[in-house]
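Everything on this sheet refers to the single structure shown next.
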Amino acid sequence: IAGLGIEVSIFDGFLFVLIAIEYPIIKQLKGKADYASAEIEKALATPGFQIPDDYSDKTKKIRDKIQQDPQKVLISAILIAVLALTCFGESAMLIWVCSLSGFEDFNAWYAFAIGIFALIGLMLLFLTLRYLKDYQTAKHLQKH
């Protein structure tokens, strides 16, 4: 790394400063989230607790920050699925292009590109499934 030059060291220094500045903020947010999570668990176990009216102001603020609109989550899932299909389509198109010449032009670069597009497509497909799960959770939380 030292042989790469001063640019890497400057970038590393900038990155370390950024992490040092953000760490207390992230730690504070984690503390607030833990408090809100404990209060929500307690509320779910307490009969007669009025959700969300009886939450403390701190929990209400955290809840408002993290609550997602189900329609936005669904739109994101659809758009990510389109990107996944595009990546799979690109892999298929590269295979088709290679087949036009009887795979005489097929080399490691084609294999690498096909593999990368397929891998990105798989990751995007996994992300789509996670968003669909989040969509169901967001719909459920919108009721509470």
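The values are calculated or read from the model by the stated rules, or taken from the named source; none is laboratory data. The structure presented is a predicted model; accordingly, all values stated were derived computationally and were not measured. Note that each Cβ is placed from the backbone with ideal geometry, even for glycine, and that neighbours are counted across all protein chains shown. Side chains are part of the model used for accessible areas, which takes the heavy atoms of the whole protein and leaves out ligands, DNA and RNA. Shrake-Rupley method; radii C 1.70, N 1.55, O 1.52, S 1.80 Å.
Applying the criterion of being touching a residue at least 60 places away in the same chain (Cβ under 8 Å) and over 23 Å from Leu85 (Cβ atoms) to the residues of the range 117-144, the residue that is least open to solvent (accessible area, probe 1.4 Å) is Ala138.
Applying the condition of being of a type in the set (S, T, N, Q) and in contact (Cβ under 8 Å) with a residue 60 or more places away in the chain to the range 66-116 and asking which residue is farthest from Leu127 (Cα to Cα) yields Gln67.
For the range 41-65, filtering for residues that are in contact with a helix residue (DSSP H, G or I) (Cβ under 7 Å, 6 or more places away or on another chain) and either in contact (Cβ under 8 Å) with a residue 12 or more places away in the chain or exposed (fewer than 12 other Cβ atoms within 10 Å of the Cβ) (or both) leaves 8. Scanning the range 96-116 for residues that are surrounded by 11 or more Cβ atoms within 10 Å (Cβ to Cβ) and at positive phi turns up just one, Phe103. Can you find even one residue in the range 17-28 that is touching a His at 6+ places or on another chain (Cβ under 8 Å), closer than 28 Å to Tyr135 by Cα and either surrounded by 10 or more Cβ atoms within 10 Å (Cβ to Cβ) or of a type in the set (Asp, Glu) (or both)? No, the range 17-28 contains no residue that is touching a His at 6+ places or on another chain (Cβ under 8 Å), closer than 28 Å to Tyr135 by Cα and either surrounded by 10 or more Cβ atoms within 10 Å (Cβ to Cβ) or of a type in the set (Asp, Glu) (or both).
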